[in-house]
Amino acid sequence: RDFNSVRYRIDELNEETYTYNYSLVGGDSLAEKLQKITYEVKFEQSPDGGSISKVTSNYYTDGDFVLKGDDIKAGKEKVMAMYKVVEAYLLQNPDAYA
């Protein structure tokens, strides 16, 4: 499914701990019966000199609505696709973050 709009809110950006927390709070990408999805992103140094990104997602639903595992998996796959695009760009353009 393609989306026309996404609205995120930055909740925390901490340069000392390399963490970034944000919430998906609106737009047609937010499924019905979901209030929001929060993301906690932490970057750690990898042994080879690169970095590892760890992401925790929390889903906030309306009432007793239960999100299906397949829906969570589909959302995770979309986020991973976005990360791969960003990673490829940064590897090809190291001056963008150096």
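The values are calculated or read from the model by the stated rules, or taken from the named source; none is laboratory data. Here the structure is a predicted model, which means the values were calculated and not measured. Don't worry about glycine lacking a Cβ; one is built from the backbone with ideal geometry, like all the others, and counts go over all protein chains shown.
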Exercise. In the list Lys42, Lys54, Lys78, which residue meets the criterion of being modelled with pLDDT under 90 and either under 12 Å from the mean Cα position of the chain (by Cα) or surrounded by fewer than 10 Cβ atoms within 10 Å (Cβ to Cβ) (or both)?
Worked result: Lys78
Problem set entry | Hits in region 1-39 - residues which are exposed (fewer than 13 other Cβ atoms within 10 Å of the Cβ), of a type in the set (A, V, I, L, M, F, W, C) and within 22 Å of Lys73 (Cβ to Cβ) | Phe3, Val6
Exercise. Here are Val86, Val55: which of them is over 22 Å from Asn4 (Cα atoms) and not basic (Lys, Arg)?
Worked result: Val55
For this session: Consider only pairs whose beta carbons are under 6 Å apart and that are at least six residues apart or on different chains; among these, list those whose first residue lies in region 30-43 and is over 15 Å from Arg7 (Cα atoms) and whose second residue is exposed (fewer than 15 other Cβ atoms within 10 Å of the Cβ) and of a type in the set (Gly, Ala, Ser).
Result: Phe43/Ser51; Phe43/Ser53
Problem set entry | Count - residues of region 57-75 that are part of a loop (DSSP other than H, G, I, E, B), surrounded by 10 or more Cβ atoms within 10 Å (Cβ to Cβ) and among the small types (Gly, Ala, Ser) | 0
Exercise. Of these, Asp11, Asp28, which one is charged (D, E, K, R) and not in a loop (DSSP other than H, G, I, E, B)?
Worked result: Asp11
